[in-house]
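Readers should treat all values here as calculations from the given coordinates under stated rules, not as data from a laboratory. Quick caveat: nothing in here was measured; it's all calculated off a predicted structure. FYI the Cβ positions are ideal-geometry reconstructions off the backbone, even for glycines, and counts take in every protein chain you see.
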Amino acid sequence: MARILITGASGLLGLNFVQETMTSHEIIAVDRGKLVNAPFRILTSDLLAPGAVDAALDSIRPDWLVNCAALADLDTCEDNPELAQRLNADLPAQFAKACKARGVALVHISTDAVFDGRAIAFYTEESVPNPLSVYARTKLEGEQAVLAGNPDAIVARVNFYGWSLSGRRSLSEFFFNNLSGRKYMTGFTDVRFCPMLVNDTARMLVKMLEKGLHGLYHVVGPQAMSKYQFGVEIARRFGFRESEIAPKSINTSSLIAKRSNNLCLSINKLCTDLDDVPPEFSTGLNEFYAQFQQGYPQKIRSYAQ
Ligand SMILES: NC(=O)c1ccc[n+]([C@@H]2O[C@H](COP(=O)([O-])OP(=O)(O)OC[C@H]3O[C@@H](n4cnc5c(N)ncnc54)[C@H](OP(=O)(O)O)[C@@H]3O)[C@@H](O)[C@H]2O)c1
């Protein structure tokens, strides 16, 4: 049983990572005050406060640190480039050095958005990034700082969906909320990605830590699809009407930050080094639906009430 310090525990990945590991490991979750009713240990901390990183590591003395804290909304990053820099680049650099000094195994979470999307094929870990937005630029800077400061760390470029604390954080919740409310929605037909159920992302990260991997890895689902197709798959699985999703081009959207059209990442390196393959998209979607039937969204939201 490892002692794991998880940052960003109120976030989509952090909270689901805690769910996946809280019975098998000793979990300490960093939170800024949202998780008032959580059934796991909380360390209340604003990680940008002076000395917060060293204080967290020295008080908890974890075996593993999983850094899910970020400014992860692309448009918010465009409006707050300094905060994006501090959270997405400077903070991971601090974690890298602090973990290296203490012998703590670090997983830092990055993103598929570091690429410009112009490639026709899937991007590998060898592909050259070309960030299009403040978010992508600061995330790339963060992953480079982590690997330079701590070559033993894992940097995982991810893309995931699932149930969140707010009920509005993920693309899957966007489609679910609009489909169940019979509201008009659009789905981009010209943005392709490799979605993975966030619980599977957490399980893959634990396997990577257990196997002692280090370096840069793509940790996404094995199947590529458009965001429109993703919405259609959710509609079909939940029995909603897929015709209520209007296909649309991202070129006609009013989003602020520039987005890549191709977010498809190769997971060959991950599968080879882990000697394992992530679950099929349909397996993850079935679990997402089963979680809904079993009251999982209400359960995790009760932690904030
Ligand atoms: N969502 C996706 O599909 C996706 C795709 C690719 C990559 N990623 C990456 O995956 C990681 C997790 O993303 P996510 O979607 O789970 O993010 P999220 O839901 O926006 O959560 C971000 C977390 O960071 C915490 N945080 C922000 N500022 C903090 C501070 N000063 N001190 C302590 N904690 C702070 C937030 O706490 P508060 O709740 O208190 O603000 C929240 O728990 C990020 O690195 C992101 O770039 C996400």
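The set of residues from segment 201-226 being charged (D, E, K, R) and either buried (at least 23 other Cβ atoms within 10 Å of the Cβ) or closer than 19 Å to Ala96 by Cα (or both) comprises just one member, Glu210. Among the conditions (1) under 26 Å from Arg301 (Cα atoms); (2) of a type outside the set (Lys, Arg); (3) buried (at least 20 other Cβ atoms within 10 Å of the Cβ), the only one that Met185 does not satisfy is (3).
Residue-by-condition table, conditions (1) closer than 20 Å to Arg259 by Cα; (2) surrounded by fewer than 19 Cβ atoms within 10 Å (Cβ to Cβ):
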site	(1), (2)
Gly103	no, yes
Ala119	yes, yes
Val128	yes, yes
Pro131	yes, no
Tyr135	yes, no
Gly142	yes, no
Val158	yes, no
Leu179	no, no
Asp190	yes, yes
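Filtering segment 161-175 down to residues that are within 11 Å of the ligand (Cβ to nearest atom) and assigned to a loop (DSSP other than H, G, I, E, B), which residue is surrounded by the fewest Cβ atoms within 10 Å (Cβ to Cβ)? Looking at residues that are within 11 Å of the ligand (Cβ to nearest atom) and assigned to a loop (DSSP other than H, G, I, E, B), I get Arg168. Mind checking whether some residue in segment 105-112 is acidic (Asp, Glu) and more than 12 Å from the ligand (Cβ to nearest atom)? Taking every residue of segment 105-112 in turn, none turns out to be acidic (Asp, Glu) and more than 12 Å from the ligand (Cβ to nearest atom).
Helices (runs of 4 or more DSSP H) fully within segment 1-87 that include at least 3 residues being within 13 Å of the ligand (Cβ to nearest atom), of a type in the set (Asp, Glu) and crowded, with 16+ Cβ neighbours inside 10 Å: none found. The C-beta contact set for segment 50-62 (first residue farther than 11 Å from Leu5 by Cα and free of Cβ contacts under 8 Å to residues at least 60 places away in the same chain, second residue among the acidic types (Asp, Glu) and surrounded by fewer than 18 Cβ atoms within 10 Å (Cβ to Cβ), distance under 9 angstrom, 6+ apart or interchain) comprises Ala52/Asp46.
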